Amino acid sequence: LPASLAAAQAMLAKQGVIVTSPDALARTTRIDRIVTDKTGTLPEGRPRLVAVELVDAAMPRERALAIAAALERGHRHPIAHAFREFDAGLAVTDARTEAGAGVDGIVDGAHWRLGRGDWFGDADGDAIVLAGERGVAARFRIADRARAEATAAVRDWQDFARVELLSGDHPEAVAALAGTLGITGRGRLTPDQKRAAIHALRDDGHRIMMIGDGLNDAESLAAADVGVAMGGGAAIAQCHADVLLLRDDLRLVRLLVDTAKRARRIARQNLAWSIGYHLAIVPFAVAGVMSPWLAAVGMAASSLLVTLNALRLRHGPRIPMSDAGTPMRERVA
């Protein structure tokens, strides 16, 4: 078993899949549900600003964007990418992140907050809202596209698990993406609600793989049977995960599952061979029918055979960057 796990983990590492938990591969073989976050996971993770609505008539558009960019400066959350090009270098102090809600801080001596509309009690829950001491100043609308490999990857996952999308984003945006991918989805969930949903599934007897990347996914990753963090995500999410994808490539999830099942199959083969050898040879050696040196040679040959069988796991399907449209099942077959 140790040889099989070591060979499997070595092959996965070459592909950009780092297994950080010693029994993660064993738990992966029992997965029957995949729960995934939306932002930074199924979409590309590079949202674009598509509209700006100025609520405060005295607030110039460039100023609103500069304040938003300043608040998001240094954050790895995908929403920060939408504002990065508008960063004018405004000074920020006391910056703070509210998980699942947004960010706030002092920008040029004034207190500002940027985040989901319901954090401010704003009626437009589909917008990213900028609010200051005088109330809502602007609303931003951002959009992101599904990853090129998302449709094929989700179709692959459905071979062995039911897939569900849990997100803190607006329910309409979640429903639109879920409908495109042919899965179910729930939106406007807090980190605690995500964790509770995973616990409920586990209580029903399901084995859960959670895929996420953000600060608000850390608790869900820890609650799942197997937590998978995207490589470009928040550090706290990566620390709570059992598996880290160094490449933001959803096809690696199927590679992880297939490799875990191969490792289990080869470990069982090795165990069966070892038991069979001992039952067949050891009694003859104990009875003196077989010379001790011959039994020792047989034992060494048995160990070599088991090791060579485990080393087969070092060779697996390679997933090049240009292979985004090809389902994993077609390459593994």
Given the residues Ala58, Ala64, Ala70, which is the only one that is over 31 Å from the mean Cα position of the chain (by Cα) and modelled with pLDDT of 90 or more?
Ala64
Check the stretch 140-148 and report whether any residue there is modelled with pLDDT of 85 or more and either open to solvent by less than 60 Å² (accessible area, probe 1.4 Å) or touching a Gly at 6+ places or on another chain (Cβ under 7 Å) (or both).
yes
Taking the residues in the stretch 200-229 that are over 14 Å from Ile31 (Cβ atoms) and outside any helix (DSSP H, G or I) as candidates, determine which candidate is most open to solvent (accessible area, probe 1.4 Å).
Asp204
Go through (1) modelled with pLDDT of 90 or more; (2) in contact with a strand residue (DSSP E or B) (Cβ under 6 Å, 6 or more places away or on another chain); (3) not aliphatic (A, V, I, L, M) one by one and return the number of the condition Arg96 breaks.
(1)
Give the residue, chosen from Ala197, Ala175, that is at pLDDT below 90, assigned to a helix (DSSP H, G or I), farther than 19 Å from Asp248 by Cβ and in contact with a strand residue (DSSP E or B) (Cβ under 8 Å, 6 or more places away or on another chain).
Ala175
Within the stretch 17-30, can you find the residues that are outside any strand (DSSP E or B), open to solvent by less than 10 Å² (accessible area, probe 1.4 Å) and not polar (S, T, N, Q)?
Ala24, Leu25
State yes or no: is Gly125 within 24 Å of the chain's Cα centre (by Cα), among the small types (Gly, Ala, Ser) and at pLDDT below 80?
no
Conditions (1) modelled with pLDDT under 90; (2) open to solvent by less than 10 Å² (accessible area, probe 1.4 Å); (3) under 15 Å from the mean Cα position of the chain (by Cα); number of the one not met by Ala80
(3)
What number of residues within the stretch 153-172 satisfy the criterion of being at pLDDT 90 or above and among the acidic types (Asp, Glu)?
3
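Determine whether Gly89 is over 20 Å from Gly212 (Cβ atoms), assigned to a loop (DSSP other than H, G, I, E, B) and not charged (D, E, K, R). Working first, answer last.
On the way: over 20 Å from Gly212 (Cβ atoms): yes; assigned to a loop (DSSP other than H, G, I, E, B): yes; not charged (D, E, K, R): yes.
In short, yes.
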Identify, by number, the condition in (1) touching a Pro at 6+ places or on another chain (Cβ under 9 Å); (2) in a strand (DSSP E or B) that Val129 doesn't meet.
(1)
Output yes when any residue across the stretch 100-117 is of a type in the set (Phe, Trp, Tyr) and farther than 18 Å from Lys38 by Cβ, and no when none is.
yes
Can you find a residue in the stretch 52-67 that is under 30 Å from Ala223 (Cα atoms), crowded, with 21+ Cβ neighbours inside 10 Å and not β-branched (Val, Ile, Thr)?
no
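The values are calculated or read from the model by the stated rules, or taken from the named source; none is laboratory data. Bear in mind that the values here come from a model prediction, so they are computed numbers and not experimental data. For neighbour counting, all protein chains shown are included, and Cβ atoms are generated from backbone atoms with ideal geometry for every residue, glycine included. Ligands, DNA and RNA are excluded from the accessible area calculation, which covers all protein heavy atoms including side chains. Shrake-Rupley method; radii C 1.70, N 1.55, O 1.52, S 1.80 Å.
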